[in-house]
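Structure first, then comments.
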Amino acid sequence: MDTSKNWKTVSLLVCVFAMVREIRPIEPFFTSYLKNMNFTLNQINEEIYAVGTYSCLVLAVLIFLITDYFRYKPLIIADGIAGILTYALLLGTPSLFRVQMEQVFFGFFYSSEVAFTTYLYAKVDDKQYYQKITSLVKASMLFGRFLSGLIAQIIVSTHLLNEVYLLYISIFSTSFVTLWTLILPKVDHSLYFHRNKELTVNIKLEQSNGVTIDDNVSNNVPKTSKINKFKEVKQMIFNDFQSAYKNAYVVKKCFWWIIAVVGQIIVATYIQVLWEDVNLMNENKIELMNGAVESIHTLCGAAGAYAVGHLSYDWKKFGDIIFTVGTFVLALLLFIIYYCNSLWILYLLYISFGTCYQVLLTITTSEVAKHIKPDSYGLIFGFNLFMSLLIISIFTLLFIQGLVVIIGTKNQILTVSLMYASMSALFFVVAVRKWKK
């Protein structure tokens, strides 16, 4: 099959997988569902979601290496199976232990997202298509999330079906993608353990922005002992790290990416608990619109990301001041959320936060991608995610499970707001120092 047809076929298969994988309508109402299973909000906060956080941390790096070693497809199949188990364990009247096990499988399901994204890079040899296939998969995922929220809200608002059908649809979607993975073409080589032998040795990649990246490690892993192979893989990974992080601009953007993702994951994980709290405190309770909000949130984020992707702007030269303002806006929105007791205004603020975050994240991701080797996308962004999950796990242990002190959901939001404000101040200092030069 010629290259142009190959990347289109593989992209189509993975895009269908990515879209259907996101159609899990139980997610916008997950906290509400657990609450109806007689779990308290404190249990959900401290004993259930915390397990998912730790699971993601432990599995993030492990899955990346196993994925590469087993050449992607087995892990993609395992991802689908983990998704089925995630939601099947919630059927009936689950015990606390069963729900905690569900969170372990969700940790695998969440972390193994790297499998199908790096699968594309390994399956499509021509790097000129990397940016296009990445954007296609991202768009498919966002469309799937939009459909998921829409389906969830229709079911909850119309009362045509019981809430348990949100779970049934989630199980059906993950079952479908598990079967879909069986038709994915296998991968003959991977980025580290099974390198493509046709690639040349000691290549110098000269990127259009003038940054030179050296690849001085042999891409042809010899068929020697497994110990030698692991040593060579270790050296290749080290060289990819060194190549990326010796660039101060990449380090700065990765720092923003790590801290921003920490804040977003905390907000996304616990915002439903806050909505439940606020709705309980109000005398005039309203019907939760979580599904509709997640749909609008996804659409606005996608539109913002798409718009900024078509801007012609020198982010390296003027980006610091943009990120100073943008990160301050994120902090301000969360600060208002902390003081707000109106569910409708909270919904609006959450949508605004998500849109601003997606715009800044899109800029950061594309800027990092421009300055690292295409082969190391999965490694660098996987490492960034691991660092984010490590910080979240420490935060969870200290302040959610209470090793130091237990802080409520609103104080978690305030903490993230202060974190964003500090990062905005830091970028302001960097912008001023650059301007003075």
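The values are calculated or read from the model by the stated rules, or taken from the named source; none is laboratory data. In this text, all values refer to a predicted model and were calculated from it rather than measured experimentally. As a convention, Cβ positions derive from the backbone with ideal geometry for all residues, glycine included, and neighbour counts pool all protein chains shown. The accessibility values were calculated without ligands, DNA or RNA, using every heavy atom of the protein model including side chains. Shrake-Rupley method; radii C 1.70, N 1.55, O 1.52, S 1.80 Å.
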For this session: Filter segment 78-90 down to the residues that are assigned to a helix (DSSP H, G or I) and among the hydrophobic types (A, V, I, L, M, F, W, C), then identify the one that is least open to solvent (accessible area, probe 1.4 Å).
Result: 82
Exercise. Assigned to a helix (DSSP H, G or I), open to solvent by 20 Å² or more (accessible area, probe 1.4 Å), without any contact (Cβ under 8 Å) to a residue 60 or more places away in the chain and closer than 17 Å to residue 424 by Cβ, is that true of residue 351?
Worked result: no
Exercise. Inside segment 328-348, can you point out the residues that are open to solvent by less than 20 Å² (accessible area, probe 1.4 Å) and closer than 21 Å to residue 287 by Cα?
Worked result: 337, 340, 343, 346, 347
Exercise. Of the residues 404, 368, which single one is surrounded by 20 or more Cβ atoms within 10 Å (Cβ to Cβ) and either modelled with pLDDT of 90 or more or touching a helix residue (DSSP H, G or I) at 6+ places or on another chain (Cβ under 7 Å) (or both)?
Worked result: 368
For this session: Please work out if residue 325 is crowded, with 20+ Cβ neighbours inside 10 Å, at pLDDT 95 or above and either assigned to a helix (DSSP H, G or I) or out of contact with any Pro (no Cβ under 8 Å at 6 or more places or on another chain) (or both).
Result: no
Exercise. Of all residues in segment 123-146, how many are surrounded by fewer than 18 Cβ atoms within 10 Å (Cβ to Cβ) and assigned to a helix (DSSP H, G or I)?
Worked result: 7
Seminar exercise, completed: Exactly one of 32, 11 is open to solvent by less than 40 Å² (accessible area, probe 1.4 Å), more than 28 Å from residue 386 (Cβ to Cβ) and of a type in the set (Ser, Thr, Tyr), and that residue is 32
For this session: Within segment 44-56, identify whether any single residue is over 19 Å from the mean Cα position of the chain (by Cα) and of a type in the set (Asp, Glu), and answer yes or no.
Result: yes
For this session: With the condition kept exactly as written, say whether any residue in segment 111-122 is acidic (Asp, Glu) and touching a helix residue (DSSP H, G or I) at 6+ places or on another chain (Cβ under 7 Å).
Result: no
Problem set entry | Hey, residue 112 at negative phi and either open to solvent by less than 30 Å² (accessible area, probe 1.4 Å) or modelled with pLDDT of 90 or more (or both) or not | yes
Exercise. Of the residues that sit in segment 280-321 and are under 29 Å from residue 426 (Cβ atoms) and among the charged types (D, E, K, R), which one is most open to solvent (accessible area, probe 1.4 Å)?
Worked result: 317
For this session: Assess whether residue 52 counts as being assigned to a helix (DSSP H, G or I) and touching a Lys or Arg at 6+ places or on another chain (Cβ under 9 Å).
Result: no
Problem set entry | Residue list for segment 411-437, restricted to those being within 26 Å of residue 279 (Cβ to Cβ) and open to solvent by less than 50 Å² (accessible area, probe 1.4 Å) | 412, 413, 414, 416, 417, 420
Seminar exercise, completed: Out of (1) closer than 27 Å to residue 53 by Cβ; (2) open to solvent by 20 Å² or more (accessible area, probe 1.4 Å), the one residue 275 does not meet is (2)
Seminar exercise, completed: Of the conditions (1) out of contact with any helix residue (DSSP H, G or I) (no Cβ under 9 Å at 6 or more places or on another chain); (2) among the aromatic types (Phe, Trp, Tyr); (3) more than 30 Å from residue 43 (Cβ to Cβ), the single one that residue 344 does not satisfy is (3)
Problem set entry | Residue, farthest from residue 181 (Cα to Cα), within segment 44-77, restricted to residues that are open to solvent by less than 30 Å² (accessible area, probe 1.4 Å) and β-branched (Val, Ile, Thr) | 44
